[in-house]
Every structure is written in structure tokens, then in C-alpha cells.
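See structure below.
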Amino acid sequence: MISHKKVELLNLGDELLLGLKSNEHLVYLGRMLKRHGLTLIHNEIIRDNIEEIQRSFQQSWERADIVITTGGLGSTVDDNTREALAEALGLKLIFDPEAEKAITKLFEKVRSPIPESLVKQCYKLEGSETLPNRSNFGTAPGIFLKHQDKILIMLPGPTSELRPMFEQEVLPRLKAEGVLEPEEMVLQLRTTGVGETRIEERVKPALEQFPDIDLAFCAHLGIVDVRLSLKHASVPQKTLLEAGEACREALGEDFFTFGNDSLAKVVLDDLKAAGKTLAIAESCTGGLLSNEFTDLPGASQVFSGSIIAYSNDAKVELLHIPEAILEQHGAVSEETALAMATGVAECFSADYALSSTGFAGPEGGTEKDPVGTVYLGFHSPEGAYSRKVVFPGDRLIVKERAVYTALDWIRRKLKHYKSADISTSIPGA
């Protein structure tokens with residue numbers, strides 16, 4: 001059965017309240033827990049103050065079956081979570097020699113002396129388990145405590161440490177406690193190029209034959225996620241997969257993947273499967289489009305390189321665009337976008353190429369091409385094309401929308417070009 005355990009999340013850190021960091025942990029942990037049949041019922045952000053930490057924790061501890069905290073497990077003076085919760089629960093802090101060994105081993109790797117302040121991280125709550133920090137990025141271990149028929153999970157604040165710890169250490173322990181579903185309860189479909197309302201109009205009729213499936217949406221910049229979930233654990237996962245396939249058929253080419261892969265990851269995988277390469281020439285997007293690929297492991301197998309040619313001189317010297325094109329049509333034009341894509345493909349001997357040039361604002365633009373106008377170029381073995389798009393929003397929004405539009409454009413082109421043996425399927429179906 002779907003777990004009715006009440007789960008609350010406490011995010012600790014002044015930096016969250018000061019706006020220095022966004023609360024990515026809420027998004028990640030909420031999604032991961034839901035996939036396994038648990039739902040967060042409350043979230044709170046708390047300052048690095050012992051009294052406030054204790055007050056909020058005690059309220060959560062009374063209401064919830066599982067309390068998760070993030071942050072405050074480091075070695076600095078504002079890392080007070082361990083001490084605050086031990087006092088709130090009336091438990092002693094016990095030195096853990098295994099935690100000390102793990103920290104020592106990490107510092108031996110980098111041949112650096114261990115700061116004395118790190119000893120603070122080697123203490124755990126009485127009766128708890130230490131969660132090893134296997135990230136290779138940090139030293140703070142986590143804590144897993146079963147107490148008073150409840151569960152306390154304490155995780156470090158840095159994302160690079162929290163996520164592997166949660167997946168490698170916490171989920172197996174929660175499964176062992178019998179509070180997680182054996183199979184994932186949620187299936188996500190990602191779409192692009194069409195709004196949330198239109199997506200709903202397509203998938204709702206497809207789901208009429210699946211009364212045991214809940215439907216939800218989450219809109220991002222350029223992407224709408226369709227989330228399908230089982231209403232009851234007694235419903236076989238096969239039903240979830242069948243509903244996902246029905247939605248995929250209804251969405252057509254606006255669907256681009258199951259799960260959480262980015263547009264760039266889908267494009268990269270298609271190019272890998274086809275044994276093709278890609279190059280990029282950017283002006284108005286200033287490297288954002290290239291970064292979508294270089295963020296991905298294994299991108300070098302496909303991504304040949306990029307050129308950020310911002311000035312006209314750079315476009316001429318680096319991309320070999322004829323000066324006559326710039327003089328006659330301007331830097332922001334269909335002709336320049338085409339020349340940029342073709343030029344960068346030749347520079348890197350790439351099979352495919354993308355380019356961007358436009359008026360991101362707030363200044364610039366013309367009567368014909370106002371601020372927000374972007375011309376995209378696409379070069380392929382089958383031919384070269386350009387398209388004009390106009391985006392509302394500030395400078396960053398225009399640049400980001402241009403990136404997603406370019407990625408979606410090449411994705412759709414590749415869908416038509418790729419051979420029949422390259423297909424998308426539901427994981428585990």
C-alpha cells in the first residue's frame with residue numbers, strides 16, 4: 001500500500017533566507033520521495049540558530065513520522081544542527097571513530113593536514129547510524145536515527161554531497177524499514193514546444209481508460225512535465241507504463257523523453273546513436289547553448305566545439321562570414337544565422353551545426369526586428385535552414401528561450417533524419 005507516513009523537511013541555513021541560494025533540496029527530495037510512495041506534508045526554512053532549530057524540530061517531531069533535515073552538519077561556528085537536535089531529543093553526542101577514519105582517508109588523498117575543526121563532524125546522536133559521505137566533495141557525514149517509533153534523517157547542505165548520500169544510503173535504509181514502495185509510483189513525460197493547456201487537452205482523453213492514474217503538470221522555461229502517478233499501490237506498475245505510452249502517442253513530436261533528461265541530453269544521445277557530430281556558433285546566447293552540451297558527461301564524443309562570435313569582426317575572422325552579408329543584411333538576420341551555422345560546421349568539420357544571433361535587449365532592435373528577436377541557423381548534411389523567433393521577457397529570458405528553441409529545433413530535425421533502429425522507449429517497459 002502507498003505509505004501514509006507523514007514526512008516533514010527542515011532546510012537549515014541563513015543563506016536560503018538571504019536569497020544567496022535557492023532551495024533545490026525541497027524540489028529534489030519531494031520528487032524522490034514521491035517516486036517511492038512518500039509525500040512531504042510540510043517544509044520549513046530555518047536560520048542557523050540553535051533555539052529556532054530546536055523549536056521547529058520539536059514541532060515537526062510531534063507531527064511527523066519521518067523528519068529530514070538539510071544543512072548545518074559542517075565544521076564552522078554556524079553549523080549547529082547536530083548539537084541542537086541532540087539536545088532537543090535528550091540524547092548524547094557520541095564520537096564515531098569510523099567517521100574520523102573516513103575524513104582522514106579523504107585528506108590523505110589530497111595530501112593536506114586535517115583541520116582540527118573537522119573533529120566536530122565525527123560526532124553522531126546516541127543510537128544513530130552514521131551515513132558515509134561518499135561524494136569525494138565533502139567530509140560531513142549524515143545521520144540516520146530511529147527513535148520513539150520515528151525516523152530522523154540528517155543530511156549535509158551541499159547538493160553534491162546530499163544527493164548521493166540520499167540515494168546510496170538513505171533510500172536503502174527506508175526500504176529496509178518498509179516505508180517505501182518496492183516499485184516507483186510516478187512516471188514523468190517531458191514535452192516542449194507547446195503550452196501546458198494544450199498538453200492537458202491532449203493527454204486527458206488518452207487517460208480516460210486509466211481511472212487509477214493521477215495526472216499533474218509542472219511547467220518550466222520551454223518545458224512542460226507531465227507527471228503520472230498510481231492512486232493505489234495495488235495497481236500494477238504495468239498500468240503506469242501503459243498510461244505513459246498512451247500519453248506519448250497523444251503528445252506526438254512534442255514529447256521528447258521519459259524521466260528527467262534535458263533536451264540537450266536527448267539531442268546528444270540521438271547524435272551518438274547516429275555517429276554524427278555537432279558544432280555551435282553563438283552571438284546573442286553568449287555560450288549558453290554550448291554549455292547545455294558541455295555540462296553532459298561524454299559530450300566530447302559528439303560536440304566538436306563552439307565559437308562565440310559577438311562582434312562583426314569576430315564573425316568575419318572566426319566564422320569566415322562574407323562582409324557583404326553583414327553590410328547588406330546586418331548581424332541580426334536570416335542570412336547571417338545561416339552563414340554562422342555553415343561557417344562553424346566547416347571550422348570543426350561537423351555534421352550538424354546550430355547558430356544564434358539576435359537582439360536580447362533591453363536596447364537595440366529595429367522596427368522589423370524588435371528587441372527579443374532571435375534568428376537561429378541550422379546546418380545539416382541535408383541542407384541549411386534559418387528561422388526567426390521573437391520572445392517576450394528580459395535579456396536572460398530571451399537568451400534562455402533561444403537556447404531551448406534551438407535545442408528543440410535540432411531534436412525535431414534529427415527525429416526525421418535518424419534511422420529506424422534509433423527509438424525512444426519507456427525505461428523498464
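Every number in this text was worked out from the coordinates using simple rules, so none of it is lab data. The structure presented is a predicted model; accordingly, all values stated were derived computationally and were not measured. In this analysis, Cβ positions are derived from the backbone assuming ideal geometry, glycine residues included, and neighbour counts consider all displayed protein chains.
D for the range 243-313, whole µm²/s, Stokes-Einstein with Kirkwood Rh over alpha-carbon pairs at 25 °C and 0.890 mPa s: what number?
For these conditions, the coefficient is 177 µm²/s.
Kindly express, to the nearest 10 degrees and within the range 0 to 90, the angle between helix 50-63's C-alpha long axis and the longest C-alpha principal axis of the chain.
Here the helix axis deviates by roughly 90 degrees.
How big is the charge dipole of the chain about its Cα centre, in debye rounded to the nearest 20, if each Lys and Arg gets +1 on its Cβ and each Asp and Glu gets -1 on its Cβ? It would help to have the intermediate numbers written out before the result.
Values: 46 positive and 63 negative charges, 154 e Å.
Charge dipole, the chain, about its Cα centre: 740 debye, nearest 20.
Can you tell me which lysines have their Cα less than 17 Å from the Cα of K105? Leave out same-chain residues fewer than eight positions away.
Output for K105: K120.
Using DSSP, restrict attention to beta bridges with both residues in the range 7-176 and report what percent are antiparallel, rounded to the nearest 5.
Values: 11 of 27 bridges.
If I count the DSSP bridges inside the range 7-176, around 40 percent turn out antiparallel.
Taking the Cα-to-Cβ direction at R395 and at Q328 and moving 7 Å from each Cα, how far apart do the two end points lie in nm?
3.2
Antiparallel as a % of all DSSP beta bridges within the chain, to the nearest 5?
Approximately 60 percent, going by the DSSP bridge assignments.
Name the residue farthest towards the positive end of the dipole of the range 7-176 from the options G142, L171, T69, assuming +1 on Cβ of Lys and Arg, -1 on Cβ of Asp and Glu, about the Cα centre.
Comparing the listed Cα positions along the dipole, L171 ranks first.
Give the residue list of GluC sites (Glu not before Pro) in the range 70-138 that are DSSP loop and have at most 11 other beta-carbon atoms within 10 angstrom. Don't skip to the answer; put the middle values down first.
Details: sites: E83, E87, E98, E100, E108, E116, E126, E129; in loops: E126.
Of the GluC sites (Glu not before Pro), not one in the loops of the range 70-138 has a Cβ with at most 11 other Cβ atoms within 10 Å.
Might you report the magnitude of the Cβ-based charge dipole of the range 7-176 about its Cα centre, with Lys and Arg at +1 and Asp and Glu at -1, to the nearest 20 debye?
Working: 21 positive and 25 negative charges, 141 e Å.
That gives a dipole near 680 debye.
Pairs of Cα atoms under 8 Å, at least six residues apart: use those to get the relative contact order of the range 186-258, whole percent.
For the range 186-258, the relative contact order is 48 percent.
Just to confirm the number: angle between the C-alpha axis of helix 24-35 and the first principal axis of the chain, 0 to 90 degrees, nearest 10?
That helix lies at roughly 80 degrees to the long axis.
Listed here are the pairs K315/K388; K21/K175; K109/K276; which of them are more than 28 Å apart at the Cα? Intermediate results must be reported in sequence, preceding the final value.
On the way: K315/K388 19 Å; K21/K175 31 Å; K109/K276 39 Å.
From the list (K315/K388; K21/K175; K109/K276), the Cα-Cα distance tops 28 Å for K21/K175; K109/K276.
Mind checking the full-extension length gain between E363 and V77? Use 0.36 nm per residue of separation minus the Cα-Cα distance, one decimal, nm. Before the final figure, lay out the partial values.
Working: separation 286, 0.36 × 286 = 102.96 nm, distance 4.65 nm.
So the extension gain works out to 98.3 nm.
How much of the calculated P(r) for the chain lies past 42 Å, in percent of all Cα pairs?
Values: 28019 of 91806 pairs.
Percentage above 42 Å: 31.
What do you get for the angle between helix 196-206 and the principal long axis of the chain? Use alpha-carbon atoms, 0 to 90 degrees, nearest ten.
Here the helix axis deviates by roughly 80 degrees.
Can you tell me the length gained on complete extension of the stretch R173 to T159, counting 0.36 nm per residue apart and subtracting the Cα distance? List each step's numbers first, then the result.
Working: separation 14, 0.36 × 14 = 5.04 nm, distance 2.00 nm.
Difference between extended and current length: 3.0 nm.
Dividing the alpha-carbon radius of gyration of the range 263-417 by 2.2 N^0.38 Å (N being the number of residues), what value is obtained? Write out the running numbers ahead of the final one.
Working: Rg = 14.4 Å, N = 155, 2.2 N^0.38 = 15.0 Å.
Ratio of Rg to 2.2 N^0.38 Å for the range 263-417: 0.96.
Once you've got the GNM for the chain with C-alpha springs shorter than 10 Å, pick whichever of S112, S306, S290 has the biggest mean-square fluctuation.
Between S112, S306, S290, it is S112 that shows the largest mean-square fluctuation.
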